[in-house]
Structures are given as C-alpha cells and as structure tokens.
Amino acid sequence: MKARDQWIGWDEVTRKQRLQHVVNNSRLLIIPRIRNLASTLLSYVLRRLRCDWQRQYGLEPWLVETLVDGQRFHGGCYRAANWIELGRTSGRGRMDRTHQCHGAHVKTVLVYPLVKNAALRLRG
C-alpha cells in the first residue's frame, strides 16, 4: 500500500524483508452501542498482541495496520484509540493483479505503532 510504504519510507527490497513485522487487523465490527467499547477493546488487544504474536509466530510485530471503507464506516473507534491515518488506497485491491479495478474500492489506511520508532525500525 503506497500510503503505508511512503510513511515508513520503504523501498521494494526493504519492504519484502520487513513486511512480516506488520500485522493487519482485517475486521473489527461491534454492533452494540456501548460508549467507548470498541476503542477499549482495541487497546486491550493491542497490549497483548506483541507478546502473543511473538509466542505464536516467533516474530515481533512493530506496526498494526487496518483499512476502513469510508463509504460504509467512519473508523471512529480507531481514531479514538489514537491510530494514525496515512491516506487512501488506490482502490484496486490486492487481488487485482491486472490493474483493472483502480478506484473501485478506495479505503482509508490507518496504522498503530506497537513500538517506539516503528517506522524507523521498519526502514532498517
């Protein structure tokens, strides 16, 4: 994703070497309207993620990323939990290898650093 890669300062070689330190949060949907529930749950999960991920996969995550479909959702729980908005995707999706769907599903890119100087570490 261009917005994330620019924020980190990755070139193609470094991205391939360090991408495994980025965890993708693919879904978070909480239906009950309980004040601050989603951002509170996010903070609990993020506190445990580094330790659990390292124990399970033997790798320390430094950054968590997520994509929010702005046409359907605001992403307020991420913003309330201090995630950083980096920009928008091109809208083509990872399965569009032939670049036919540009602009079809533009999403907002948000990240949350799990360690100090996450972008610097990811740059190598």
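Bins of 10 Å, beginning at zero and ending with the bin holding the largest distance: percent of Cα pairs per bin for the chain, please.
Bins of 10 Å from zero give 12, 40, 36, 12, 0 percent of pairs.
For the range 2-123, what does the relative contact order come out to in percent, with C-alpha contacts under 8 Å and a separation of six or more? Let's see the in-between values first.
Working: 163 pairs, mean separation 41.6, N = 122.
Answer for the range 2-123 is 34 percent.
Work out how much length LYS16 to LEU37 would gain on full extension: take 0.36 nm times their residue separation and subtract the Cα-Cα distance, in nm to one decimal. Intermediate results must be reported in sequence, preceding the final value.
Numbers: separation 21, 0.36 × 21 = 7.56 nm, distance 3.55 nm.
Working it through step by step, the gained length comes to 4.0 nm.
What are the trypsin sites (Lys or Arg not before Pro) within the range 1-80 that DSSP puts in a loop, where the Cβ has at most 15 other Cβ atoms within 10 Å? Please report the intermediate quantities before stating the final value.
On the way: sites: LYS2, ARG4, ARG15, LYS16, ARG18, ARG27, ARG33, ARG35, ARG47, ARG48, ARG50, ARG55, ARG72, ARG79; in loops: ARG27, ARG33, ARG35, ARG72.
In loop regions of the range 1-80 (DSSP not H, G, I, E or B), the sparsely surrounded trypsin sites (Lys or Arg not before Pro) are ARG27, ARG33, ARG35, ARG72.
At 222 nm, what helix-only mean residue ellipticity would the chain give, in deg cm²/dmol to the nearest 500, using -39500 (n - 2.57) for each DSSP H run of four or more?
After summing the helix terms and dividing by residue count, I get -10500 deg cm²/dmol.
If I model a spin label as a point 7 Å beyond the Cα along the Cα-Cβ vector, how far apart are those points for GLN6 and GLU85 in nm?
My value for the distance between the label points is 1.5 nm.
Among GLY75, GLY91, GLY58, determine the one that fluctuates most according to a GNM of the chain built with springs between C-alpha atoms less than 10 Å apart.
Taking springs between Cα atoms under 10 Å, the residue moving most is GLY58.
Using DSSP, restrict attention to beta bridges with both residues in the chain and report what percent are antiparallel, rounded to the nearest 5. Mind dumping the intermediate values first?
Details: 10 of 13 bridges.
The antiparallel fraction comes to roughly 75 percent.
Give me, ordered by chain and number, the residues 5 or more places off VAL64 or on other chains with an amide H under 5 Å from its own placed amide H.
Residues meeting the amide H criterion: VAL23, TYR112, LEU114.
Could you calculate the contour length gain from CYS51 to ARG121, that is, 0.36 nm times the residue separation minus the distance between their Cα atoms, to one decimal place in nm?
Values: separation 70, 0.36 × 70 = 25.20 nm, distance 1.79 nm.
Length gained between CYS51 and ARG121: 23.4 nm.
Quick note: the coordinates plus some simple rules give every number you see, no bench work behind them. All of these numbers come straight from a predicted model, not from anything done at the bench. Counting neighbours? That spans all protein chains shown, and the Cβs are built from the backbone with ideal geometry, glycine included.
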